[in-house]
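Here is the structure we will look at.
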Amino acid sequence: MRLSQPSATTVRSVVGRYRIPFNRPFLTSAARSRLAESISSSVWSGDGPFTRRVRQLLEEELDVPAALLTTSGTSALEMMALLIDVATGDEVIVPSYTFASTANAFILRGVRPVFIDARIDTLNLDERLLPDLITPRTRAIVTMHYAGVACEMDAIHDIVADRSITVLEDNAHGLFGQYRGRPLGTLGALAALSFHETKNFPCGEGGCLLVNDEQLLDRAEILREKGTDRSRFWRGEVNQYTWRDIGSSYVLADPLAAILLGQLEERELIQQTRMRAWKRYMQELQPWAVTHGVTLPTVPPHCEHPAHLFYLCLSDASTRSRLIAHLASQGILAVSHYVPLNTSPFGRRLGGRPGQCPVSEDISKRLVRLPLYNDISDDDIDSVLESVTTCPL
Ligand SMILES: Cc1ncc(COP(=O)(O)O)c(C=O)c1O
């Protein structure tokens, strides 16, 4: 089978034709049985028995006060913006090298995004740039742990100490990653997780708001339940629930929580497979990378990552295109990643401009992600390695 290099608009339609796709959603056997149990029960809406079990599992594993399942990582980020009460005129510092939702959640509240460039090693926001970006209007800094490798959280907290700036985490990539022995998602006042199809633990579309600042918990429950105190009603704390605040429909349907529970129950198996693939890429590409001027991911010694993605940074944009085309010609789908927010069409309308975040802009042209999914086989990895290292760059 020969496939030409996919254009962005055709990726979705041709994905199934690749011998080795970039991602393949994988349902564990536990997830299949939990889903069957859930759909044969009478609870299809949210906060049913499976949601309660996922919540308990995440709270115990991460040692967080509350893990509230949401319809997506995006909705968890939107809840964060509501909970910290940002409004028009406020500024929030967001990475330029991230997904649109990291910024959109705050822009929906009228906030002005202040784009911060990336570090050249981990591609996370460069904390050394923060002092120059903080103004009296800065209300929050949204950290995003790229590929599940932690941002420099101690330095970030030191910079905001004695200021009323909230540190938040977009941890869409990093569930079960660690920073200095502490789980990602527990290092800011609030954190968002994603269970989208492309993530390590997919349930289709889903997310979670981790509430580390317990003072925000009561209001978080209300905002998540359309502005009502229905959560208290379910717990028998009030006789009737009523409209208390603004809010929206952020509760995940219980059958999706059932899938998620089954995926999380087999987390060791999933993580072992992904980590084996990640380590093979890292070790076996090392000599080739050195001779071809290719950079492999940096993981600082105080960080543990959950093998969410494996990327290469080629020497320039045309070399990356050649590699992607070569892999595609052998039925292997490798893909680029974020267009920096400051250079994207909407980012520019919000004041972003080319040249503002030079590291993100450079990386964005050179980075490619290799196939990595929950049931990737050794044969698949062999094929990717063979194809990458024989590509005439
Ligand atoms: C860094 C980051 N934040 C947020 C999201 C949004 O998550 P979701 O798709 O669950 O809304 C994504 C999705 O890919 C992401 O990569």
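The values are calculated or read from the model by the stated rules, or taken from the named source; none is laboratory data. Fair warning: this is a prediction, and the values are worked out from it, not measured in the lab. Cβ: placed from backbone, ideal geometry, glycine included. Neighbour counts: every protein chain shown.
For region 62-77: of the residues being of a type in the set (Ser, Thr, Tyr) and part of a helix (DSSP H, G or I), which is farthest from the ligand (Cβ to nearest atom)? Filtering first and then ranking leaves SER75.
What number of residues within region 130-151 satisfy the criterion of being part of a loop (DSSP other than H, G, I, E, B) and under 20 Å from LEU341 (Cβ atoms)? Count: 6. Residues of region 79-100 that are outside any loop (DSSP other than H, G, I, E, B) and either more than 21 Å from LEU210 (Cα to Cα) or at pLDDT below 95 (or both): GLU91 alone. Going by the structure shown, is SER321 among the small types (Gly, Ala, Ser), in contact with a His (Cβ under 8 Å, 6 or more places away or on another chain) and at pLDDT 95 or above? Taking the combined requirement at face value, the residue does not satisfy it.
Any idea which residue in region 176-210 is farthest from the ligand (Cβ to nearest atom), counting only those that are part of a strand (DSSP E or B) and in contact with a Cys (Cβ under 9 Å, 6 or more places away or on another chain)? Per the criteria, the residue is GLN178.
Condition first: more than 17 Å from the chain's Cα centre (by Cα) and in contact (Cβ under 8 Å) with a residue 12 or more places away in the chain. Now tell me which residues in region 130-151 satisfy that. The answer is LEU130, PRO131, LEU133, ILE134, THR135, ARG137, THR138, ARG139, ALA140. In the set (1) over 25 Å from the mean Cα position of the chain (by Cα); (2) of a type in the set (Val, Ile, Thr); (3) buried (at least 18 other Cβ atoms within 10 Å of the Cβ), THR273 fails one condition alone, (1). In region 101-129, the qualifying residues are those that are free of Cβ contacts under 8 Å to residues at least 60 places away in the same chain and assigned to a loop (DSSP other than H, G, I, E, B), and the one that is farthest from the ligand (Cβ to nearest atom) is GLY110.
In the same structural domain as GLU152 (by TED's automatic domain parsing), among the polar types (S, T, N, Q) and buried (at least 16 other Cβ atoms within 10 Å of the Cβ): does that describe SER249? So SER249 fails the test. Return yes when ILE332 is in the same structural domain as ALA67 (by TED's automatic domain parsing) and not acidic (Asp, Glu) and no when it is not. Against the criterion (in the same structural domain as ALA67 (by TED's automatic domain parsing) and not acidic (Asp, Glu)), ILE332 does not qualify.
Within region 211-232, if we keep just the residues that are of a type in the set (A, V, I, L, M) and out of contact with any Asp or Glu (no Cβ under 6 Å at 6 or more places or on another chain), the residue that is farthest from the ligand (Cβ to nearest atom) turns out to be LEU217.
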